[in-house]
1. How much net charge surrounds residue 58 when only the other residues with a Cβ under 15 Å from the Cβ of residue 58 are counted, with Lys and Arg +1 and Asp and Glu -1?
2. Per-residue counts of other Cβ atoms within 10 Å, averaged by peptide: what ranking do you get for 166-173, 196-203, 87-94, 104-111, highest first?
3. What whole-number value in Å² describes the accessible area per residue of the chain for a 1.4 Å probe?
4. Could you please state how large a percent of the accessible area of the stretch 56-182 is carbon and sulfur, counting protein chains only and using a 1.4 Å probe?
5. Taking H as built 1.01 Å from N, whose amide H comes closer than 5 Å to the amide H of residue 148, not counting residues under 5 places away?
6. Can you find, among 106, 10, 128, the residue sitting farthest towards the positive end of the charge dipole of the chain, where Lys and Arg contribute +1 and Asp and Glu -1 at Cβ?
7. Suppose every K and R has +1 on its Cβ and every D and E has -1 on its Cβ; what is the size of the dipole of the stretch 1-48 about the Cα centre, in Debye to the nearest 20?
8. What range in the chain is the longest one free of GluC sites (Glu not before Pro) that are in a loop by DSSP and have at most 12 other Cβ atoms within 10 angstrom?
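The values are calculated or read from the model by the stated rules, or taken from the named source; none is laboratory data. Bear in mind the structure is a predicted one, so any value in this text is a computation, not a measurement. Glycine gets a Cβ as well: all are built from the backbone with ideal geometry, and neighbour counts include every protein chain shown. Each accessible area value is taken on the protein alone, full model and side chains, heavy atoms only, with ligands, DNA and RNA left out. Shrake-Rupley method; radii C 1.70, N 1.55, O 1.52, S 1.80 Å.
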Amino acid sequence: MPGGYEGKRGVVLGVANRRSIAWGIAKRLADGGAELAFTYQGERIEKNVRELADSVGSRLVTACDVRSDEDVTRVFDEVADRFDGGIDFLVHSVAFAAAEDLEGRFTDTPRDRFWLALDVSAYSLVACARAAEPLMEARGGGSILTMTYLGGERAVPHYNVMGVAKATLDASVRYLAWDLGEKNIRVNAISAGPVRTLAARSIAGFPTMEAIVEERAPLHRHIDSDDVGAAAAYLLSDDARNVTGTTLYVDSGYHAMGM
Ligand SMILES: NC(=O)c1ccc[n+]([C@@H]2O[C@H](COP(=O)([O-])OP(=O)(O)OC[C@H]3O[C@@H](n4cnc5c(N)ncnc54)[C@H](O)[C@@H]3O)[C@@H](O)[C@H]2O)c1
């Protein structure tokens, strides 16, 4: 595995079940020897996340709704306690938009649900990066990774307000990279092709997105969460020590095509 993760520790936000992209990333990091803390949103998925976390010997599993500043502060306090005041990486794999806003016209998105999508899917990265900053500084630097999608750069039918949230997330990656670079903290994104997860199921027309990738991507095949895990393992490792503010596409090359 690139870099090796022995002696490294970090936090993973966004595991809901074993199909989650965050789990694909966590497995790779744990296989490489990393110590992980996990957060989950809501009691409904707590048992799932605890079982998965146990399977990789996690030292901390705690609730976090990223809309709550109190939750974010408490989580990073708990993480600091568990990991002697320092972490090396943060995986942010969290997004939400109301199902009805991933079906109809973007034009009809109401104000409250527009802000909800941006709050959960983009602002949360800023809040978590700020909370992680002192813990990474204590280790002489760190690496932050988030998950984005091409729908933030181009109009993808049905992706709608989530595309606007991803555009905000992408810009936030660049501004965070600039701010935190002086502390040797790197901030990057992976732009993944379609993967069948819980979140993906709420996007109307998701099967069409998959079919188009298979037809038009240079590699004519789908990616899975382990492909994302492999790319994440690189970006979070010391091998990527001079890589920040960028997006790595794990999408069978689909983003390179004009049609
Ligand atoms: N699946 C895909 O095709 C695909 C492609 C590109 C990017 N992504 C991105 O990957 C990331 C992970 O999604 P996934 O596909 O693994 O789906 P997933 O449903 O497994 O993960 C989404 C996670 O977001 C969490 N979440 C939602 N609202 C939250 C809140 N208020 N507070 C804390 N956590 C909250 C959920 O609990 C869940 O764990 C998302 O950012 C998604 O946009 C997914």
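1. +2
2. Packing order, densest peptide first, comes out as 87-94, 166-173, 196-203, 104-111.
3. Counting only protein heavy atoms, the per-residue value for the chain is 47 Å².
4. Ligands and nucleic acids excluded, carbon and sulfur reach 52 percent.
5. 190, 191, 192
6. Working it through, the farthest residue towards the positive pole turns out to be 106.
7. Numbers: 8 positive and 5 negative charges, 36 e Å.
Charge dipole, the stretch 1-48, about its Cα centre: 180 debye, nearest 20.
8. Longest site-free region, per DSSP loop and neighbour criteria: 7-181.
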